[in-house]
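Presented below is the structure to which this report refers.
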Amino acid sequence: MGDETLGIILAGGRGERAKPLTLASADYIRSKALIPFAGRPVIEWLVENCRDQGIRRFHVVAQGAENHSQIKLVLGRGERFGVEIHYSRARLDRYNVGSGAATLHNLERWDLTGRALVMPVDSVFEFSLPRLADAHDAADAVVTVASVARTAEEIAGKYGVMQTSADGTVSGFLEKPDLDRIHRLFPETSLPGNGFTLPTNAGMYLVDCGRLRLAARTPEMIRLAQQRLDWGGDLLPWLVRRGLPVASARIERLGDLGSIPDYLATLGDVLRGRYRWMSRAMGAPVSTDPPYWIHESSLRTKDSVQGTTLAQKISEGSVVLGPAVRIGRNAEIGPGVKLRYTDVGDDVDIDEGARLSRSAIGDGAVVGAHARITDSYVGPMAQVHSARDNPVRLVHSAIGEAADLRPGTRLSGVSVYPRLRVPAVTGLPSGTHLTSSDDILRWI
């Protein structure tokens, strides 16, 4: 294949942190690869970004029958995207435990010897493959780690830090250190107001497949790869300890989708235009000041109250949009609605007087009149029954697919699992997870 770079997508995770976003029902987990994001499954964004940078052949590492079948239904063999897609074999899923073990086993299974870009499926990236390749070649690296610069406060307890030499090679790793340890090892970070940053592991790796396979053919690594072996905590430190060249190359931006707060923060950054590739892929906005995207079918859709189109209501000022709003296909938006930093899926109904900020509304959801939704996720087909005299208020909350909230419900920091019918409850402690009808009865 010459200088071709392959794509290896690690798509086997269960998405526990992102519940209820990854749940179709209380006991049916949707693949992380299919998380809806800005109108499309996240794996589609990943494949198209890589394709546009020259990657034409992909290998998807899945885990479990549902994970395999769900991803194949979306991607197929790649024809729709102009690429070629192969999948890990389901009978070998027992080896796909941990990102590092899954990579090593499948490099051998597919007999890959060239260059590959290994990436997770629960993130979006703004990166340049040629820049990664340049850094990889300059260091003659076995692995080049894509890195994102972050402050000590952003890193503490959440991200892995790389210790690098002057030539960009990695000399050590710190796995999610606390703030005190960061300050001790990197005194510059404790100086007030200097904005000093450190390179953190973005979870994306440019790999020399043949050299990595050869390095891993030791009794120690063969034994380790039979159990859970992760890239950041296990495989990379092992390579560095053995003196194999591991490089670091900075990418522009990483957006984590692994939890509801991270998902909403990343979505907000995309809608603000901070991911240039995604902005181009989304097409020209209907308005640039403030910026928002609306599918033409939604602009033509009339509401059931006044019978006027969304385009008319925007023109007369009865609907206020932006900044940073995306509205999908065939959405019905009532008069008096205000949307800011919010993503609205296809076939959504948002009734009169509702106000939404920094939130995401899934396909087919209904948001009732005068609802107030902030920093929250409302899943596909969910019903938020709200009324002028008894509004629903959601703050920092997540409502699962096809859940039903009755008028007057007020939730802050609460997760509701799919298909639950929630009466008008208030006062639930932040951090509460309503996973079953028994949980609801406990609070009534």
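The values are calculated or read from the model by the stated rules, or taken from the named source; none is laboratory data. Predicted model, so just to flag it, every value in this text is computed and none were measured. So basically every Cβ, Gly included, is an ideal-geometry build from the backbone, and we count neighbours across all protein chains shown. Ligands, DNA and RNA are stripped out before the accessible areas are found, and what is left, the full protein with its side chains, is counted by its heavy atoms. Shrake-Rupley method; radii C 1.70, N 1.55, O 1.52, S 1.80 Å.
Odds and ends about this structure:
- Here the gap between R242 and R388, fully extended at 0.36 nm per residue and compared with their Cα-Cα distance, gives a gain of 46.0 nm.
- Summed over the residues of the chain and divided among them, the accessible surface reaches 43 Å² per residue at a probe radius of 1.4 Å.
- Distance between the C-alpha centres of the range 43-86 and the range 91-127: 13 Å, rounded to the whole angstrom.
- The range 280-432: Cα Rg divided by the 2.2 N^0.38 Å rule of thumb: 0.99
- The accessible area of F81, taken with all protein chains in place and a 1.4 Å probe, comes to roughly 10 Å².
- Cα principal axis extents for the range 1-119, largest first, Å: 47, 32, 21
- For the range 271-279, Karplus couplings with θ = phi - 60° (6.51, -1.76, 1.60), whole Hz, Gly/Pro x: 5, 7, x, 7, 10, 4, 5, 5, 4
- Semi-axis lengths (Å, descending) of the ellipsoid that matches the C-alpha gyration tensor of the range 112-189: 26, 16, 11
- With contacts taken as Cα pairs under 8 Å and at least 6 residues apart, the range 273-332 reaches a relative contact order of 37 percent.
- Cα centroid of the range 311-344 to Cα centroid of the range 350-373, whole Å: 10
- Cβ charges +1 (Lys, Arg) and -1 (Asp, Glu), total dipole of the chain, debye: 420
- Against the chain, whose longest principal axis comes from its Cα atoms, helix 99-109 is set at around 60 degrees.
- For the chain, the tally of Lys pairs with Cα-Cα distances below 17 Å comes to 6, considering only residues 8 or more apart or on different chains.
- For the range 280-298 versus the range 140-181, the gap between their alpha-carbon centres in whole angstrom: 37
- Dividing the helix sum by the residues of the chain, where each DSSP H run of 4 or more adds -39500 (n - 2.57), gives a mean residue ellipticity at 222 nm of -7000 deg cm²/dmol.
- List D234, D375, ordered by accessible area with a 1.4 Å probe, largest first: D234, D375
- Modelled label positions at R442 and T113, each set 7 Å beyond Cα in the direction of Cβ, lie 5.8 nm from each other.
- For the range 164-235, the set of trypsin sites (Lys or Arg not before Pro) satisfying both a DSSP loop assignment and a count of at most 15 other C-beta atoms within 10 Å is given as R217, R228.
- Near-label residues of the range 296-313 by backbone N, under 18 Å of a point 7 Å along Cα→Cβ of K338: 313
- Between R211 and E4, the contour length at 0.36 nm per residue exceeds the Cα-Cα span by 72.9 nm.
- Dimensionless Rg/Rh of the chain - Kirkwood Rh, Rg from C-alpha atoms: 1.00
- Sites A65 and S315 - FRET efficiency at Förster radius 51 Å, r taken between beta-carbons, to 0.05: 0.50
- Calculated from the alpha-carbon coordinates, the range 80-120 shows an Rg and a Dmax of 11.3, 31 Å respectively.
- The region of the chain that goes longest without hitting one of the GluC sites (Glu not before Pro) in a DSSP loop, each with at most 16 other Cβ atoms within 10 Å, is 253-444.
- For the range 160-279, alpha-carbon Rg and Dmax in angstrom: 17.1, 49
- FRET efficiency, 1/(1 + (r/R0)^6) with R0 35 Å, evaluated for D230 and D167 via beta carbons: 0.85
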